1. In region 7-29, how many are farther than 17 Å from A115 by Cβ, of a type outside the set (S, T, Y) and part of a helix (DSSP H, G or I)?
2. Just give me the residues in region 46-65 being in a loop (DSSP other than H, G, I, E, B) and not basic (K, R), in sequence order.
3. Quick one: which residue in I82, I78 is outside any loop (DSSP other than H, G, I, E, B), hydrophobic (A, V, I, L, M, F, W, C) and without any contact (Cβ under 8 Å) to a residue 60 or more places away in the chain?
4. Those residues that are among the charged types (D, E, K, R) and either out of contact with any Asp or Glu (no Cβ under 7 Å at 6 or more places or on another chain) or in contact (Cβ under 8 Å) with a residue 60 or more places away in the chain (or both), I need them from region 5-59; list them, please.
5. If I ask for residues that are more than 14 Å from the chain's Cα centre (by Cα) and either in a helix (DSSP H, G or I) or surrounded by 16 or more Cβ atoms within 10 Å (Cβ to Cβ) (or both), which ones from region 88-109 would you list?
6. Among the residues in region 110-119, are any assigned to a loop (DSSP other than H, G, I, E, B) and not aliphatic (A, V, I, L, M)?
7. Looking at T90, T66, T75, which one is modelled with pLDDT of 95 or more, polar (S, T, N, Q) and touching a strand residue (DSSP E or B) at 6+ places or on another chain (Cβ under 6 Å)?
Amino acid sequence: MTIKTILVVDDSPTDRQHLTDVLTKAGYKVTGAASAEEALAKVKQAKPDLVLMDVVMPGQNGFQATRALATDEATKHIPIIICSTKGQETDKVWGMRQGAKDYVVKPVKPAELLAKISALG
């Protein structure tokens with residue numbers, strides 16, 4: 001699967017813009033969502049090739065949204081990389097159990113993120 005379009009889900013406009021800049025410079029088409037609820041709607045509508053999911057957000061958190069996408073027949077084929085400040089090993093294990101394919105801790109190192117995306121593509 002070739003990854004061309006990425007949905008960046010983060011309630012922080014600064015983090016969303018930083019990730020968007022990194023990804024667009026690498027040649028990806030990027031859309032954003034400010035909440036898990038908005039992300040769930042956008043994924044079904046836009047069908048991105050990859051979702052970058054923050055965890056700590058108001059309302060539904062990123063773990064819940066990851067689980068919802070990973071268990072939905074219409075979206076379970078879309079890989080999810082969790083991108084969070086929650087960097088404990090238990091957070092990473094829990095994120096993978098929810099259906100994430102990988103986990104990146106903020107602040108994101110662009111080279112590390114792009115390598116993880118490339119490995120999924």
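1. Number of matching residues: 6.
2. P48, D49, D54, V55, V56, M57, P58, G59, Q60, N61
3. Answer to the selection: I82.
4. Passing the criteria: D10, D15, D21, K25, K29, E37, E38, K42, K44, K47, D49.
5. E89, T90, D91, V93, W94, R97
6. In the first step, residues of region 110-119 are kept if they are assigned to a loop (DSSP other than H, G, I, E, B); the result is none.
No, region 110-119 has no match at all.
7. Details: T90 fails: touching a strand residue (DSSP E or B) at 6+ places or on another chain (Cβ under 6 Å); T75 fails: touching a strand residue (DSSP E or B) at 6+ places or on another chain (Cβ under 6 Å).
Exactly one residue qualifies, and that residue is T66.
Residues checked against (1) within 20 Å of A68 (Cα to Cα); (2) at pLDDT 95 or above; (3) in contact with a Leu (Cβ under 8 Å, 6 or more places away or on another chain):
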| position | (1), (2), (3) |
| --- | --- |
| K4 | no, yes, no |
| D10 | yes, yes, yes |
| P13 | no, yes, no |
| R16 | no, yes, no |
| D21 | no, yes, no |
| T24 | no, yes, no |
| A34 | yes, yes, no |
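The values are calculated or read from the model by the stated rules, or taken from the named source; none is laboratory data. The model shown is predicted, which means the values in this text are computed figures rather than measured ones. Because the Cβ atoms are built from the backbone with ideal geometry, glycine has one as well, and the counts that use them run over all protein chains shown.
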